[in-house]
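Chemist: Questions regarding the structure given below will be posed in turn.
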Amino acid sequence: MPLAPLPARPAAAQAEIQQPRRLRVRSIAGTAALLIGLIGSGAGAAAASVAATPQAPAQAPSQAAPAQAAIPATQQAEDPNFGPNVRVFDPGMPVAEIQATVDAIAAEQVDDEMGTKRYSLLFKPGTYGSAEEPLIVQVGYSTEVAGLGASPTDVTINGHVDVYNRCLTADNCIALNNFWRSLSNLTINVTGLDGCRSSANFWAASQASPMRRVNITGGNLSLMDYCTAGPQFASGGFISDSKTGPVINGSQQQYFVRDSSIGDWSNGVWNQVFSGVEGAPAQSFPNPPYTNLASTPISREKPYLTLDAAGQYSVFVPAVRTDSAGTTWEKGPTAGRSIPLSDFYVARPGDSVKTINSQLARGKNLLLTPGVYDIDQSIEVKRANTVVLGLGIATLTAVNGAVPLTVADVPGVDIAAVTVDAGEVNSPALMRIGKAKNPEAGGSSNSLNRSDPANPTTLHDVFFRIGGPHVGKASVSLEVNSDNVLLDHIWAWRADHGNGVGWTTNTGDNGVIINGDHVTATGLFVEHYQQYNVIWNGEHGKTVFFQNELPYDAPNQAAWQHDGVLGWAGYKIADSVKTHELWGGGSYVYNNVDPTIHATRGFEVPVTPGVKLHGLLTVNLGAGTLDHVINDTGAPVSTDAVGVPSYVTSFG
């Protein structure tokens with residue numbers, strides 16, 4: 001299809017957005033290039049409002065939290081000891097003091113992609129900044145920004161909470177590598193900054209950068225940073241349980257928004273998926289490439305830390321919803337249960353797994369404070385309804401081939417905001433949910449069958465890395481053997497750049513293997529694994545939004561083929577499966593080591609009435625060839641048309 005320019009940016013910007021041109025794929029070396037075309041017919045009112053806005057939008061009034069929710073500065077000394085990498089801000093603090101702290105952390109983290117520092121910036125209920133003195137927070141790598149209220153409206157930041165492009169060189173400013181950060185549970189009343197930067201709150205981030213329970217008032221939310229030099233590309237992303245005005249998608253290749261309310265959405269690129277989103281564009285895949293589900297089959301929002309008017313900390317665990325739509329908090333308090341912090345073991349990176357497991361065995365939940373934890377044996381979650389919550393991109397690193405975290409066949413466990421890194425010795429898996437009948441053979445899993453469809457074990461914002469920070473090896477990143485499991489925003493990544501990267505160096509066969517039945521994934525990102533990126537063996541599986549890149553670094557065709565099939569599919573449904581459904585899935589090819597390599601297909605599924613896939617695409621990113629979209633259906637994508645998708649609207 002023809003390529004079209006991006007929506008025009010506000011006139012306050014310093015230069016005009018250029019016609020899309022070749023951009024660097026996610027490689028710091030910048031050796032690859034791809035062409036992105038925005039679909040002009042996807043532009044809606046938000047795009048029109050951006051084009052027509054001659055200056056920064058008018059500012060909405062500040063939304064102060066209820067008076068009873070504000071915590072006076074005198075209570076600051078009573079805060080729990082969350083360790084040296086958590087900053088708890090009080091509305092009584094001078095704005096200049098808060099600004100100095102967040103600026104110093106941003107200076108450390110904005111370019112520290114593979115570093116070991118981790119930060120959590122927590123805001124007590126109240127109002128921060130003003131029109132005269134706005135608070136501007138720039139969010140770098142491995143940084144969490146979160147409010148501590150019961151509702152997002154309990155914490156208001158008058159200012160910005162922004163993520164900008166990284167300019168790797170003067171003419172290569174991108175968001176393609178803006179990973180591993182989060183924003184949650186607060187209101188941003190957009191005000192402050194000058195010129196182009198005043199035109200929106202910018203969240204120009206890619207994978208593993210969720211926005212949850214965020215209320216944007218007073219201006220646009222832009223998922224693209226159009227204020228720097230080009231090419232300004234991004235590869236996100238995930239939003240849930242949030243309310244915004246107009247949203248500028250811009251250059252975001254793909255995006256998933258769940259159970260939210262938006263004012264408008266500007267445009268699509270390759271694969272924009274909405275599930276239970278009020279104000280989302282209508283179903284129109286592939287032109288524009290919008291997939292729209294009126295409701296989400298099953299959802300549960302991520303647990304979050306709160307602080308009440310008496311100064312007591314708790315973790316709130318939202319309730320399960322079925323056929324959900326809209327936010328959990330606009331029409332009244334979020335349903336769920338509150339667990340006092342005293343029921344948690346607050347772990348530090350130096351704690352032994354033996355100590356952590358002892359606390360879990362005594363009935364404690366687990367709060368992982370920011371940092372990197374060396375895990376030489378499995379953290380074992382055995383009790384139903386246990387919560388494991390990470391702060392500040394808490395990271396578990398496998399040591400000596402350990403499986404860093406395992407969950408028994410029990411219902412209602414929540415694993416949230418945890419990153420798991422492979423170590424130098426190969427691990428059979430990095431996380432295992434439930435016990436397989438036959439781990440060697442895989443397949444249907446759960447002999448104990450203690451799961452509960454009304455209370456699924458849930459993974460929220462759980463990310464995996466093989467290579468990147470250091471050499472890593474793992475056969476499988478995530479193995480799900482239990483039935484009735486919900487995967488709510490997963491990124492499994494075999495690194496294509498960073499440290500310890502190479503075909504025989506950071507080895508990983510499969511990203512995600514699903515053996516359990518009735519497993520649902522909402523926001524599944526899986527990239528660069530050496531065999532099938534996803535294998536789905538269980539029955540009655542559902543996926544809403546899938547994003548995949550096949551491995552870049554296969555040395556030749558002989559090294560990347562099997563059973564007479566060239567390459568390996570990104571998404572494999574086992575031949576034995578009778579019932580499965582997917583909405584909005586993309587698989588991309590970029591064989592930069594040997595550009596002559598072919599992959600036969602992006603999706604490989606049994607042909608049976610119960611297996612149905614909707615809104616599929618493949619894209620060539622500048623090297624290699626993907627011959628079909630699904631099975632033997634769909635036109636090839638090659639370097640003859642870089643960045644132009646091959647679509648299959650429906651299969652099965």
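Chemist: With a probe of 1.4 Å, find how much accessible area the chain has per residue, and write the answer as a whole number in Å².
Modeler: Here the per-residue accessible area is 31 Å².
Chemist: Leaving out ligands, DNA and RNA, what percent of the accessible area of segment 484-586 is carbon and sulfur, probe 1.4 Å?
Modeler: Carbon plus sulfur share of accessible area: 46 percent.
Chemist: Can you tell me the order of 411-421, 590-600 when each peptide is scored by its average per-residue count of other Cβ atoms within 10 angstrom, highest first?
Modeler: 411-421, 590-600
Chemist: In addition: Mind ranking 99-105, 288-294, 543-549 by how tightly packed they are, going by the mean number of other C-beta atoms within 10 angstrom, highest first?
Modeler: Working: 99-105: 15.7, 288-294: 21.1, 543-549: 26.6.
Listed from highest to lowest mean packing, they are 543-549, 288-294, 99-105.
Chemist: Would you mind calculating the gained length between Ala294 and Ser130 on full extension (0.36 nm times residue separation, minus the Cα-Cα distance), in nm to one decimal?
Modeler: Value of the extension gain: 55.3 nm.
Chemist: Same structure, new question: Which of Lys542/Lys578; Lys331/Lys542; Lys302/Lys542 have a Cα-Cα distance over 21 Å?
Modeler: Lys331/Lys542
Chemist: Highest first, please rank the peptides 476-482, 637-643, 525-531 by the mean number of other Cβ atoms sitting within 10 Å of their residues.
Modeler: The most tightly packed comes first, giving 476-482, 525-531, 637-643.
Chemist: Still on this model: At 0.36 nm per residue, minus the direct Cα-Cα distance, what do Asp563 and Asp171 gain on full extension? Give it in nm, one decimal, please.
Modeler: Numbers: separation 392, 0.36 × 392 = 141.12 nm, distance 4.45 nm.
Difference between extended and current length: 136.7 nm.
Chemist: Using the Kirkwood radius over C-alpha pairs as Rh, can you work out the diffusion coefficient of segment 231-282 via Stokes-Einstein at 25 °C, viscosity 0.890 mPa s, in µm² per second?
Modeler: 224 µm²/s
Chemist: Still on this structure: Run through all the Cα pairs of the chain and give the fraction in each 10 Å bin from 0, expressed as whole percent.
Modeler: 3, 17, 29, 29, 17, 4, 0, 0
Chemist: So which aspartates and glutamates can Lys612 reach, going by Cα to Cα under 18 Å and dropping same-chain residues fewer than 8 places off?
Modeler: Output for Lys612: Asp517, Glu539, Asp575, Glu581, Glu604, Asp632.
Chemist: Sticking with this structure for a sec: May I ask what percent, to the nearest 5, of DSSP beta bridges between residues of the chain are antiparallel?
Modeler: Roughly 15 percent of the DSSP beta bridges within the chain come out antiparallel.
Chemist: Give me the extension gain from Thr505 to Thr322: residue separation times 0.36 nm, minus the current Cα-Cα distance, reported in nm with one decimal.
Modeler: That works out to 61.6 nm of additional length.
Chemist: Something else about it: Sticking with the crude label model, points 7 Å out along Cα→Cβ, report the distance from Ser650 to Glu278 in nm, one decimal please.
Modeler: Those two pseudo-labels are separated by 2.9 nm.
Chemist: How far apart, in nanometres, would the label points at Asn556 and Lys612 be if each is projected 7 angstrom from Cα along the Cα-to-Cβ direction?
Modeler: Label-label distance for Asn556 and Lys612, simple model: 4.6 nm.
Chemist: Measuring from centroid to centroid over Cα atoms, what is the spacing of segment 573-607 and segment 264-309 in Å?
Modeler: 24 Å
Chemist: Counting only protein heavy atoms and a 1.4 Å probe, tell me what percentage of segment 149-273's accessible area is made up of carbon and sulfur.
Modeler: About 53 percent, which is the carbon plus sulfur part of the accessible surface.
Chemist: Next question, about the same structure. What value, in deg cm²/dmol to 500, does the helix sum -39500 (n - 2.57) over DSSP H runs of n ≥ 4 give at 222 nm once divided by the residues of the chain?
Modeler: Only helices count here, giving -1500 deg cm²/dmol.
The values are calculated or read from the model by the stated rules, or taken from the named source; none is laboratory data. Being a predicted model, the structure only gives us computed values, none of them experimental. Methodologically, a virtual Cβ is constructed for each residue, glycine included, from the backbone with ideal geometry; neighbour enumeration extends over all protein chains shown. SASA here: full protein model, heavy atoms, side chains in, ligands and nucleic acids out. Shrake-Rupley method; radii C 1.70, N 1.55, O 1.52, S 1.80 Å.
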